[in-house]
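What follows is one structure encoded as structure tokens, with my remarks underneath.
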Amino acid sequence: MDAKQHALLMKISECEFVCVELNLYIDTHPGDKAARADYLCYSQKLADLIGKYEALYGPLLGFGHSPTDMGCWVCSAWPWQ
Amino acid sequence: MWIYEKKLQYPVRITSPDPRMARLLFAQYAGPDSELSAGLRYLTQRYSMPEARCRATLNDIGTEELAHWEMLGTMIHQCMRGASISEIKAAGLDNYFTMHDSGVYLSNPSGVPFTAAYVQCTGDPIADLHEDLAAEQKARTTYEHLIQLTDNPEVIDPLRFLRQREVVHFQRFGECLMIIQELMGKAKCAPEARCANP
Ligand SMILES: [Fe+2]
């Protein structure tokens, strides 16, 4: 994985982590409008980043959730490699 | 990482209590050949799988098994939902009820709790794939036993789907075994066949 790909993946991880944190917070505070607005904002940002990544490097998600050619699903590196 | 999708892979809608089937379904929820065992088995074995297609297969079938495990949990939950104490007793679930009430605990129909001893990870791709092929066949036959044991169409329908998936998984693992055997046949020394891509 080159530096550019790694950097984009790190950006995705950061943005996704914000969403995970907000998701857990909203689980116990579903009425918090500010948190929900933040979640929406970050989830849109996440979708943009994922779209950008997948156009360059192939799918991040399986089972049809990345509208991307699946050819590199098999041969691209797995996270433990 | 994993992301939860808030839906079942295949619909489960059991509309009246069937605690007898709830009890039997624990075999596929947390027994030795259960969906949970299958998922943990494949997701554990994928690290040492030396070939790209087989690695992807273990990852993706392992993931699908967790979706099946969720279907089983849903089926057990719905089969126990609304059951009276006398129905629970008649179904032989009184021991279970004492400790778990309507919780969906990780045990087999006899109450034996789930254990990691149900799965193996030898680090040997041929040995692991043989275990996986056997596991799929054992799960298939367990589904057939379950289907024989009920005439509840709301239970049979998802069971038929799950049985069919075992057949497909067996097919894919069979292809994986052929890929690995071919790879190792080519290599002079088998362990060196830790090759890369197809
Ligand atoms: Fe399976």
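Every number here is computed from the coordinates shown, using simple stated rules; none is lab data. Note that this is a predicted model, so its numbers are computed, not measured. Reconstructed Cβ throughout: ideal geometry from the backbone, glycine too, with neighbour counts over all protein chains shown.
Take B:Thr98 and decide whether it is buried (at least 19 other Cβ atoms within 10 Å of the Cβ) and of a type outside the set (Gly, Ala, Ser). For B:Thr98, the condition - buried (at least 19 other Cβ atoms within 10 Å of the Cβ) and of a type outside the set (Gly, Ala, Ser) - is not met. Among the numbered conditions (1) within 14 Å of chain A (Cβ to nearest Cβ); (2) β-branched (Val, Ile, Thr); (3) free of Cβ contacts under 8 Å to residues at least 24 places away in the same chain, the only one that B:Thr44 does not meet is (3). Of the residues making up the stretch A:65-81, those that are more than 11 Å from chain B (Cβ to nearest Cβ) and either under 13 Å from the mean Cα position of the chain (by Cα) or loosely packed, with under 12 Cβ neighbours inside 10 Å (or both) are A:Ser66, A:Pro67, A:Asp69.
Within the stretch A:51-63, which residues are within 11 Å of chain B (Cβ to nearest Cβ) and of a type in the set (A, V, I, L, M)? First the steps, then the outcome.
Of the residues in the stretch A:51-63, the ones within 11 Å of chain B (Cβ to nearest Cβ) are A:60-63.
Hits for the stretch A:51-63 are A:Leu60, A:Leu61.
For the stretch A:1-28, give me each residue that is out of contact with any Phe, Trp or Tyr (no Cβ under 8 Å at 6 or more places or on another chain) and under 19 Å from A:Ala55 (Cβ atoms).
A:Met1, A:Asp2, A:Ala3, A:Lys4, A:His6, A:Ala7, A:Met10, A:Lys11, A:Ser13, A:Glu16
Filtering the stretch B:44-87 to residues that are within 16 Å of the ligand (Cβ to nearest atom), farther than 24 Å from B:Arg160 by Cα and of a type in the set (D, E, K, R) leaves only B:Arg46.
When B:Pro11 is tested against (1) away from the ligand (no atom under 16 Å from the Cβ); (2) closer than 21 Å to B:Ile126 by Cβ; (3) more than 14 Å from chain A (Cβ to nearest Cβ), just one condition goes unmet, and that condition is (2).
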